[in-house]
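The values are calculated or read from the model by the stated rules, or taken from the named source; none is laboratory data. Quick caveat, the model's predicted, so the values are computed rather than measured. So basically every Cβ, Gly included, is an ideal-geometry build from the backbone, and we count neighbours across all protein chains shown.
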Amino acid sequence: MDDATIKTKPAVQKAAADGQHAYKETVAQAAQAGQAAFKDTMEKSLSTINEMNAQAKRNVEAVVASLTAATHGAEALSTQAMAFTKKSVEGQVEHSKALTGARSMQELIELQTAFAKTAFETYVSEVTHAAETLSTAVKDSLRPLNERATALAETLQSQR
């Protein structure tokens, strides 16, 4: 080896060692940054999955509440219908007895007219009451679903 090579050899070895050290540091920093990014992404993903699960649970609870309200409404309508039917049958029996006791055709017509008027008024009142009950039942059964839809819209707006 010549003299110039012997003098430059330590400088080259130092430069190579410095380069190797810089390379190792760069790789270590990149690995650390990659791990941090991976960890951050995983945490965000898990958080999102947990939130989606919570949303799904609240949606199921809303559907159950909605169905419960609808069932209560149907029960109320059924109870009203049964009460009206019972009342109507009792009224018809009483009316039949009154008709058999009529002493003239005029009295028979008056009894029948009064019964028809009362029966129609009772029917209209019952239909109005049933419509109110149905309206309340529909509102009550849709309320939990509307609340979930509103919550979802608010969540989506906040994500923007």
*Do you know which of the residues in segment 58-72 that are under 8 Å from the mean Cα position of the chain (by Cα) and of a type in the set (V, I, T) is farthest from P144 (Cα to Cα)?*
V60
*asked:* Out of the residues in segment 135-150 meeting the condition of being touching a helix residue (DSSP H, G or I) at 6+ places or on another chain (Cβ under 8 Å) and charged (D, E, K, R), tell me which one is nearest to T71 (Cα to Cα).
replied: D140
*asked:* With the structure loaded, tell me whether L156 is hydrophobic (A, V, I, L, M, F, W, C) and touching a helix residue (DSSP H, G or I) at 6+ places or on another chain (Cβ under 8 Å) or whether it fails that test.
replied: no
*Condition test on E75, is it within 26 Å of the chain's Cα centre (by Cα), assigned to a helix (DSSP H, G or I) and surrounded by 11 or more Cβ atoms within 10 Å (Cβ to Cβ)?*
yes
*Among the residues of segment 113-160, count how many are in contact with a Gly (Cβ under 7 Å, 6 or more places away or on another chain) and either acidic (D, E) or surrounded by fewer than 11 Cβ atoms within 10 Å (Cβ to Cβ) (or both).*
1
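Listed here are the residues, each with its yes/no results for (1) of a type outside the set (A, V, I, L, M, F, W, C); (2) at pLDDT below 95; (3) under 16 Å from G73 (Cβ atoms).
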{"residue": "K117", "(1), (2), (3)": "yes, no, no"}
{"residue": "V124", "(1), (2), (3)": "no, no, no"}
{"residue": "H129", "(1), (2), (3)": "yes, no, yes"}
{"residue": "T136", "(1), (2), (3)": "yes, no, yes"}
{"residue": "K139", "(1), (2), (3)": "yes, no, yes"}
{"residue": "L145", "(1), (2), (3)": "no, yes, yes"}
{"residue": "T150", "(1), (2), (3)": "yes, yes, no"}
{"residue": "T155", "(1), (2), (3)": "yes, yes, no"}
{"residue": "S158", "(1), (2), (3)": "yes, yes, no"}
_Going by what's in this entry, would F38 be described as touching a helix residue (DSSP H, G or I) at 6+ places or on another chain (Cβ under 9 Å), among the aromatic types (F, W, Y) and surrounded by 10 or more Cβ atoms within 10 Å (Cβ to Cβ)?_
no
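Does segment 102-109 contain at least one residue that is assigned to a helix (DSSP H, G or I) and under 30 Å from R143 (Cβ atoms)?
From segment 102-109, those assigned to a helix (DSSP H, G or I) are 105-109; that's our starting set.
Add one more test, that the residue is under 30 Å from R143 (Cβ atoms), and what stays is none.
Within segment 102-109 (the criterion being assigned to a helix (DSSP H, G or I) and under 30 Å from R143 (Cβ atoms)), the answer is no, since none of the residues qualifies.
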*Hey, D3 hits all of (1) surrounded by 10 or more Cβ atoms within 10 Å (Cβ to Cβ); (2) over 44 Å from the mean Cα position of the chain (by Cα); (3) not basic (K, R) but one; which does it fall short on?*
(1)
